[in-house]
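Here's the structure we're looking at; comments come further down.
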Amino acid sequence: MVLFDEDPVILIKATTDQFKGQPDRDSISRISSSLSQLQNARQLRLNDHHATIKQLSRRLNNLHSQIGFEEERHDAGKHASEMLRMDTEKFRIAKGVSDAEVETERLGSDLASLRSQLDVLEKEGVEGGRRVGGEAEDEIVLKLSVYRSLGIDVSQDASTGDFNRAVIRNTSKGDVTVIDVEGKSRSSQADQFWASM
C-alpha cells in the first residue's frame with residue numbers, strides 16, 4: 001500500500017480544483033439552451049407545415065368533388081352536337097357573306113356600266129353627238145324612253161313645260177320615290193336615281 005504524506009482527500013480536492021470545470025459547464029448549459037430553442041422552432045415550423053398540408057388536402061378534396069360533379073353533369077354527345085351545329089352555322093354565315101360580297105361587286109359593276117352608258121347618251125344626244133337644230137324634241141323623247149326602261153317616269157310642269165320631277169318605281173322593293181330634279185346637277189340627279197333604284 002502506498003503511503004501519502006498528505007491526506008488523500010486533500011490531494012483529491014487539490015487535484016479537482018486544478019481542473020477549471022465551470023466554463024465547460026457554462027458551455028454545456030448554453031448548448032442545451034440552444035438545442036431547446038432549435039427544438040421549439042422546429043416544432044413550430046412542423047406545426048405550420050401540418051396546418052398547411054391539412055388546408056391543401058381540404059381544397060384538393062373539394063376540387064375532386066367539383067370535378068366529379070362536373071363530369072357527371074357533362075354530356076359529351078350533346079357538346080359534340082352543339083359544336084357541329086355552331087360550325088355549320090359559322091360556315092353558312094361565311095358563305096352568305098361571300099355571296100353578298102360577290103353580288104355587291106356585280107351590282108357595282110352594273111351600276112358603273114349603266115352610269116357610263118347614260119353619260120354617253122346624254123353627251124351624244126339623239127344623233128350620236130351631232131345635235132341638229134329643231135330636233136331637240138327627239139332627244140327628249142329618247143331620254144324619256146331610256147328613263148322609262150329603268151323604271152323612271154318624269155313629270156312635266158304644265159305652266160313652264162320643264163321636266164322638274166322624277167317618279168321612280170322600284171318593283172323589287174315595292175316602293176315609289178318622287179325626286180325633285182329642278183336646279184340640280186346631272187351627277188346629283190344620277191346619284192339620287194341610283195340610290196332610289
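Comparing segment 20-73 with the 2.2 N^0.38 Å rule of thumb, its C-alpha radius of gyration ratio is 2.33 (two decimals).
For N164, nonlocal amide neighbours, meaning residues 5 or more places apart or on other chains whose placed amide H falls under 5 Å from its own, are S155, D157.
Phi angles of segment 55-64 translate, via the Karplus equation with coefficients 6.51, -1.76, 1.60 and θ = phi - 60°, into HN-Hα couplings of 5, 5, 5, 5, 4, 4, 5, 4, 5, 4 Hz per residue; Gly and Pro are given as x.
Read the figures in this text as sums done on the coordinates, not as results from a lab. Since the structure is predicted, the reported quantities are computational estimates derived from the model, not experimental observations.
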